[in-house]
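What follows is a short report on a single structure.
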Amino acid sequence: MKKRIKSNIKTSLIILLLFSSIVSVGLIINIFLNNTSYSLLNSIYVIQFNIEYENWDMSYNEIVKLKSEWEKNKRVWSALIHHDEIDKISENLELLTEYIKAKDKTNSLSHIAVLRKYIEHIPEMDRLSLENIF
Amino acid sequence: MIVFIRTIILYIFVTLAMRLMGKRQIGELQPFELVVALMLSELATLPMQDTAIPLIHGIIPILTLMTLEILISFLTLKIEFLRKIFCGTPDILIKHGKVSEEELRRQRFNLDDLIEELRMMGYLDISDIEYAILETSGKLSIIPKAEKSPATREDLNLKPQAVKLPVSIILDGVLNKKNLAITGHDINWLMENLKSKGIDEIKDVFIAMIDSKGNLFIQRRDKDEEKNKK
């Protein structure tokens, strides 16, 4: 009888442990993606502001910083999100750098808007919501 | 190269998951277990082939399915009501030699299938069958009528010998000391028996085991094999 109770408790604990680890990993991933994308978005807002006022040198310095931050985050993001999303961000970042170098305001602004959308989409995709579940 | 490494990782992961889920064979799976087995195979192959999908997108669903399977099998073991929902109940298709039309219709089991199953199990006539039960795993169990069931030792008044568990002592020239101790004999007894069969060394024995009747069975290694081994 005692042995049976012990075995039941053991199985229940294993199930609980497995479920809680899966949920914890999910939450940690969610928090990590939120924090890193928030930091990237802050840089994007600064670049957008500088492009609007045509501060091209400042914009270029900021985009270099953003690229190095992106390179660091990219490694971890590759393990968490679909690689197509990462490729889209990398591609847009390269295009934006070239448009800033060429001081092309219209294209820079349109590409920064697209880049912002792509990055905002990452934590949104993983957010716990009915829209995402269904 | 990446696909190769991902395949190894996922193979180990799925094998461990299946191992943790229990020993039941595919044919004996309950409906909820079959669903998990089908989903697992699909989930593992997607990130295996497509390197753009992170491994974690395959590992988390596999882990979740494995946990759900353990949870449901644990709950169905403890709670009868849930067992009925997840595993279903066995259905009697033939009762006292009469096919139940209603059950056949309810199970969408046609007469041809039923007769085929009966033939495959060695019963040619429905009238020979007392009960045919469709088990929750989808297999058909047959209980023949008393006069049609095979004679047992009891019917023939034969005294059966007690059956012992067969234990292998030497396999392919290698002595299993643990199994020898289980049989209650020692190495001297074994060597004596080998010598009586004209075998001097353990490595010359292909198989030596205590059979279900308690006798020692010895088979010598083939002469050619013996030479190669030496």
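The values are calculated or read from the model by the stated rules, or taken from the named source; none is laboratory data. Predicted model only: the values in this text are computed from it and were never measured. Here the Cβ positions follow ideal geometry from the backbone for every residue, glycine too, while neighbour counts run over all protein chains shown. Side chains included, ligands, DNA and RNA excluded: accessible areas come from the protein's heavy atoms. Shrake-Rupley method; radii C 1.70, N 1.55, O 1.52, S 1.80 Å.
Out of A:131, A:62, A:98, one residue alone is under 30 Å from residue B:58 (Cβ atoms) and either out of contact with any Gly (no Cβ under 6 Å at 6 or more places or on another chain) or surrounded by fewer than 17 Cβ atoms within 10 Å (Cβ to Cβ) (or both). It is A:131. Filtering segment B:188-214 to residues that are among the hydrophobic types (A, V, I, L, M, F, W, C) and free of Cβ contacts under 8 Å to residues at least 12 places away in the same chain leaves B:189, B:191. Selection within segment A:1-20: residues that are facing chain B (nearest Cβ under 8 Å) and among the hydroxyl-bearing types (Ser, Thr, Tyr). The member of this set that is surrounded by the most Cβ atoms within 10 Å (Cβ to Cβ) is A:11. Note on segment B:67-83: residues that are within 21 Å of the chain's Cα centre (by Cα) and either aliphatic (A, V, I, L, M) or over 15 Å from residue B:22 (Cα atoms) (or both) total 2. Considering segment B:47-70, and only residues there that are farther than 20 Å from residue A:12 by Cβ and aliphatic (A, V, I, L, M), the residue that is farthest from the other protein chains (Cβ to nearest Cβ) turns out to be B:48.
Rundown of residues vs (1) more than 15 Å from the chain's Cα centre (by Cα); (2) within 17 Å of residue A:118 (Cα to Cα); (3) aromatic (Phe, Trp, Tyr); (4) away from every other protein chain (no Cβ under 14 Å), yes/no style:
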residue: A:50; (1), (2), (3), (4): yes, no, no, yes
residue: A:58; (1), (2), (3), (4): yes, no, no, yes
residue: A:66; (1), (2), (3), (4): no, yes, no, yes
residue: A:70; (1), (2), (3), (4): no, yes, yes, yes
residue: A:95; (1), (2), (3), (4): yes, yes, no, yes
residue: A:101; (1), (2), (3), (4): yes, no, no, yes
residue: A:105; (1), (2), (3), (4): yes, no, no, yes
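If you check B:159, B:203, B:164 for being open to solvent by 70 Å² or more (accessible area, probe 1.4 Å) and part of a helix (DSSP H, G or I), only one passes: B:203.
In segment A:21-48, the qualifying residues are those that are within 14 Å of chain B (Cβ to nearest Cβ) and of a type in the set (S, T, N, Q), and the one that is farthest from the chain's Cα centre (by Cα) is A:21.
Determine, yes or no, whether residue B:29 is at pLDDT below 85 and farther than 22 Å from residue A:79 by Cα. For residue B:29, the condition - at pLDDT below 85 and farther than 22 Å from residue A:79 by Cα - is met.
Taking the conditions (1) closer than 22 Å to residue B:58 by Cα; (2) among the aliphatic types (A, V, I, L, M); (3) surrounded by fewer than 19 Cβ atoms within 10 Å (Cβ to Cβ) in turn, residue A:109 satisfies each one other than (1). Count, please, the residues in segment B:33-53 that happen to be without any contact (Cβ under 8 Å) to a residue 40 or more places away in the chain and crowded, with 20+ Cβ neighbours inside 10 Å. Residues in segment B:33-53 being without any contact (Cβ under 8 Å) to a residue 40 or more places away in the chain and crowded, with 20+ Cβ neighbours inside 10 Å: 4 in total. Within the set A:51, A:29, A:47, A:89, the sole residue that is in contact with an Asp or Glu (Cβ under 6 Å, 6 or more places away or on another chain) and either touching a residue at least 24 places away in the same chain (Cβ under 8 Å) or aromatic (Phe, Trp, Tyr) (or both) turns out to be A:47.
Residues in segment A:69-95 that are among the β-branched types (Val, Ile, Thr) and surrounded by fewer than 17 Cβ atoms within 10 Å (Cβ to Cβ): A:76 alone. Residue B:37 passes every criterion in (1) of a type in the set (Gly, Ala, Ser); (2) under 20 Å from residue A:18 (Cα atoms); (3) within 14 Å of chain A (Cβ to nearest Cβ) apart from (3). Among all residues of segment B:71-94, there is at least one that is surrounded by 13 or more Cβ atoms within 10 Å (Cβ to Cβ), within 14 Å of chain A (Cβ to nearest Cβ) and aromatic (Phe, Trp, Tyr). Within segment B:120-141, residues that are open to solvent by 60 Å² or more (accessible area, probe 1.4 Å) and at pLDDT below 85 reach no partner that is among the aromatic types (Phe, Trp, Tyr) and in a loop (DSSP other than H, G, I, E, B) with beta carbons closer than 7 Å at six or more positions or on different chains.
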